[in-house]
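Student: Have a look at this one.
The values are calculated or read from the model by the stated rules, or taken from the named source; none is laboratory data. No experiment lies behind these values; they were computed from the predicted model shown. Positions of Cβ are backbone-derived with ideal geometry, glycine not excepted, and every protein chain shown enters the neighbour counts.
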Amino acid sequence: MPSTDLGPAGADPNHDAPADGDDILLFEDETITVKSLSKGRSPWRVLVVDDEEDVFRATAFSLRDVDIDDRPLELLQARSARQALETVAHEPNIAVVLLDVVMESEDAGLRVVERIRAMPGREALRIILRTGQPGYAPELDIIRRYDINDYKTKGELSQVRLVTSLTVAVRGYHQLVKLQAHQRGLEKVVAASGTLVTQRHSMQSFAEGVLTQICDISECLPQGAVVLRGRDTGQRDGHVVAGAGVYRDLVGQPLDRLPAPLKHCLGQDFGRSVTTIADFEAVRIHSVSGDDLVVLLTAQASLDDVARHMLEVFAYNISLGLDNVQVFEDMEHLAHHDVETGLPNRAGFRRGLQPLGGLFAQVQIDELEDIRGTLGEAVTSQLIAEVGHRLARELGHEARVARVNGDRIALALPAGDLGMARERVLAVLARPVAVAGLELQLPMGVGWSVGGDSVTQAIDEAGLVVSRLPGGRQLRSGRWTEALGNEVRSRVRLLSDLQDALAENRIEMWLQPQVRLSDGQAIGAEALVRWRRRDGSLVMPAEFIPMAEQTGAIRDLGERVTAQAVQTLASWPQSSLRISVNVSMRQLEESSFADWLVALCETHDVPFRRLRLEITETAFTLEHSQVQDSLEALIGHGFELAIDDFGTGHSSLGRLFELRFQELKIDQSLVSGLEHDERARKLAAMIVELGRDFGVEVLAEGVETEAQLSHLRDIGCHLGQGWLYSKALPLTEFSQRYCATIQGQGV
């Protein structure tokens, strides 16, 4: 088909003449009118494109009293291809184009079809081709290619056939428009449904989408829809959760502020089936949460059955959606709040909080375990809540208070006078707390930190400060400093290096001899741990053992040294020397520890009595079921126990009677005071006498001078270790110095 310019051109001189018997009649100077557009429903808009004025007049006359599905026709006119395209581009809601094929050129009409089909938003428009020259009829593939909905010669179009073709085209247009509207509504609903479970504002989009579908499918113009929720929506309780159309601005309003027609409708009796009340279509759903959900919709015309059913389904689904939103909000609250006190938790504390410049604190309430044991968990939680809520009330809305790390309270204050802020907090905490009919003056500690890189870092710094405060009955306070930060970072690096040392087998066992004080003869040794750096230097226990005990690395260290001790004893098969190893609380808390130690000794064929286990006085007397189970299992297998650091803890003589032990060790702090402290001498003498009464050995640690040795001999202590005899030695050196000599003496 040749290309044709769609610009203005001369009219074709060959006009179509009506065929004999054709019902199209032309009347000169007759005013053509179409049925009034001011009454009833909106008209179908039909564009007549023809370069002959008489054809338009005849078409208008034939359609003068025609309604299609109770809607009138509105005719628009275009006399050229260009004018047709401009009209289609700018006039909305054109349903059908009656298009002449031959105008400025032989295929001008087909070119118009091609351009119309390329226009966005005009997919539903129906096109009927008309021609007065049958020889120019398009081929079938042309009709398919350009989406032509019908083709007639003007001679075929009697009034009946014209109305019939137009009716088919209008109904096709209407169905496509409804499908497009339905698709748009569904897209809005689907887009809203993704967030409907988590966000209340998505209910608004959901309501608008469904309203669009209802109104388009029911062929009525939307007035508005409103969704209300409350325990009793027939009374004053409740509020508007979504609105569309004329009711969009009512969202969030309580029911008693609604317009009178809406309030009147709410007072009527209706349920899940759509009920017509005055100008409203109304549905009421009783939701699972116990609330009523009411949907009211108004439109220019009554809803058909399909739209009414959609309204009922919408009401039910939006009720489920609101219930899901409530469940999500409850879960969101639980995720960010402490259940027992109602205070924010750590996650709620961090949420949206900016660290820079703010003042952060952690408050530790002392003696909570005593209160919990005496008054119960509920009263303890009430006490924590009272302290937290009091801080929140008196520090103002800019302060943030939360329960973190079990029984601690975190606090954040905005940037300002930090000194004054600290004083305000301490003043609040200094006052007694009333709970369960009691007024308690609670000892507390407060750690402070100024916000830096993150909220987590600031609150953790404050927590570290408060954990380092000394005990006492008064209100204590401390601040995070750069020196403390350097110490913490050094400890972290040290811990990382320790893990590397364990992995690379750079943890060594050294031995310090234990001797009889009467003759200085070695009877065994204590296994001590040394950490060798990659450069060959040693890290002494005082630098890393406290950190290892806090982090749990002490368990790995203890097992490593114990295994080395057992292997060493296995290498001294002819020796009677024993080795004492320190057993930590972490090891005793492991239910498998006793079985592991038994298997280790049996694997290396080492008698249990040659491996003496040193237990701290605290572990020996602690009322911890697993620790006590482990001790009893070890004693039952025949291991010998030594109570380390005796005289520095809080011993229970009852526990000494309950568990069998073979040795008491006098702590070196007492030994060092023997020369100048009468109390130290008396306490050491009491320990030796206690050992004699129990029939166990007593060993003094840290013996460094002849004077100390003399005092120990005078009070009857018979074992000792310390620099007076030897420092701790590497395994090879100890074996060469002590084990070979003893074996040679046949000991």
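Student: Tell me the residue from G388, G348, G352 that is under 28 Å from the mean Cα position of the chain (by Cα) and within 22 Å of G478 (Cβ to Cβ), please.
Tutor: None of the other options fit; the residue is G388.
Student: Looking at region 68-87, which of its residues are among the β-branched types (V, I, T) and surrounded by 19 or more Cβ atoms within 10 Å (Cβ to Cβ)?
Tutor: Scanning region 68-87 gives a single hit, I68.
Student: Which residue, of V446, V450, V455, is in contact (Cβ under 8 Å) with a residue 60 or more places away in the chain, under 23 Å from R372 (Cβ atoms) and within 33 Å of the chain's Cα centre (by Cα)?
Tutor: Testing whether each residue is in contact (Cβ under 8 Å) with a residue 60 or more places away in the chain, under 23 Å from R372 (Cβ atoms) and within 33 Å of the chain's Cα centre (by Cα) leaves just V446.
Student: Is there a residue in region 377-388 that is assigned by TED's automatic domain parsing to the domain that holds V446 and part of a strand (DSSP E or B)?
Tutor: no
Student: With V566, V539 as the choices, which residue is in contact with a Lys or Arg (Cβ under 8 Å, 6 or more places away or on another chain), at negative phi and of a type in the set (A, V, I, L, M, F, W, C)?
Tutor: Of V566, V539, the one residue that is in contact with a Lys or Arg (Cβ under 8 Å, 6 or more places away or on another chain), at negative phi and of a type in the set (A, V, I, L, M, F, W, C) is V539.
Student: Just checking, which of A347, A361 is in contact (Cβ under 8 Å) with a residue 24 or more places away in the chain and either within 13 Å of R403 (Cα to Cα) or touching a helix residue (DSSP H, G or I) at 6+ places or on another chain (Cβ under 8 Å) (or both)?
Tutor: From the options A347, A361, the qualifying one is A361.
Student: With A542, A563, A462, A525 as the choices, which residue is surrounded by 18 or more Cβ atoms within 10 Å (Cβ to Cβ) and part of a helix (DSSP H, G or I)?
Tutor: The match here is A462.
Student: Step by step: first the residues of region 498-522, then only those that are surrounded by 19 or more Cβ atoms within 10 Å (Cβ to Cβ) and over 60 Å from the mean Cα position of the chain (by Cα), then the one that is farthest from A563 (Cα to Cα). Which residue is that?
Tutor: L517
Student: For residues in region 57-74 being in contact with a Lys or Arg (Cβ under 8 Å, 6 or more places away or on another chain) and not in a loop (DSSP other than H, G, I, E, B), which is nearest to T164 (Cα to Cα)?
Tutor: The selected residue is I68.
Student: Sticking with this one: Name the single residue that is nearest to A527 (Cα to Cα) among those in region 545-560 being crowded, with 18+ Cβ neighbours inside 10 Å and of a type in the set (G, A, S).
Tutor: G558
Student: Scan region 270-312 for residues that are of a type in the set (V, I, T) and modelled with pLDDT of 75 or more and jot them down.
Tutor: V274, T275, T276, I277, V283, I285, V294, V295, T298
Student: Just to be sure I understand, how many residues within region 465-475 are part of a loop (DSSP other than H, G, I, E, B) and within 14 Å of G485 (Cα to Cα)?
Tutor: 1
Student: Just give me the residues in region 69-79 being modelled with pLDDT under 90 and either touching a strand residue (DSSP E or B) at 6+ places or on another chain (Cβ under 8 Å) or of a type in the set (V, I, T) (or both), in sequence order.
Tutor: The answer is R71, and nothing else.
Student: Right, here's the next one. Any residue in region 723-731 that is part of a helix (DSSP H, G or I) and either within 18 Å of R578 (Cβ to Cβ) or more than 60 Å from the chain's Cα centre (by Cα) (or both)?
Tutor: yes
Student: Picking from S591, S576, which residue would you name as being outside any helix (DSSP H, G or I) and within 22 Å of S625 (Cα to Cα)?
Tutor: S591
Student: State whether one or more residues within region 634-656 are under 59 Å from the mean Cα position of the chain (by Cα), at pLDDT below 90, hydrophobic (A, V, I, L, M, F, W, C) and not in a strand (DSSP E or B).
Tutor: yes
Student: Could you identify the single residue in R534, R476, R491, R530 that is surrounded by 15 or more Cβ atoms within 10 Å (Cβ to Cβ), closer than 30 Å to R737 by Cβ and either within 34 Å of the chain's Cα centre (by Cα) or among the basic types (K, R) (or both)?
Tutor: Step by step, each of R534, R476, R491, R530 is checked, and only R530 is surrounded by 15 or more Cβ atoms within 10 Å (Cβ to Cβ), closer than 30 Å to R737 by Cβ and either within 34 Å of the chain's Cα centre (by Cα) or among the basic types (K, R) (or both).
Student: Considering only region 400-416, I want to know if a residue exists there that is closer than 11 Å to V363 by Cα and over 24 Å from the mean Cα position of the chain (by Cα).
Tutor: no
Student: Another one. Say whether the condition of being surrounded by 14 or more Cβ atoms within 10 Å (Cβ to Cβ), assigned to a strand (DSSP E or B) and either assigned by TED's automatic domain parsing to the domain that holds L438 or free of Cβ contacts under 8 Å to residues at least 40 places away in the same chain (or both) is met by at least one residue in region 333-342.
Tutor: Taking every residue of region 333-342 in turn, at least one turns out to be surrounded by 14 or more Cβ atoms within 10 Å (Cβ to Cβ), assigned to a strand (DSSP E or B) and either assigned by TED's automatic domain parsing to the domain that holds L438 or free of Cβ contacts under 8 Å to residues at least 40 places away in the same chain (or both).
Student: Looking at region 576-595, which of its residues are under 17 Å from P607 (Cβ atoms) and either surrounded by 20 or more Cβ atoms within 10 Å (Cβ to Cβ) or modelled with pLDDT of 90 or more (or both)?
Tutor: Result: L577, R578, I579, S580, V581, A594.
Student: Next question, about the same structure. Restricting to region 343-368, and then to whatever is charged (D, E, K, R) and part of a helix (DSSP H, G or I), can you tell me which residue is farthest from T456 (Cα to Cα)?
Tutor: Among those residues, the one meeting the criterion is R346.
Student: For region 455-514, give me the residue count where each residue is of a type in the set (D, E, K, R) and closer than 30 Å to E367 by Cβ.
Tutor: 8
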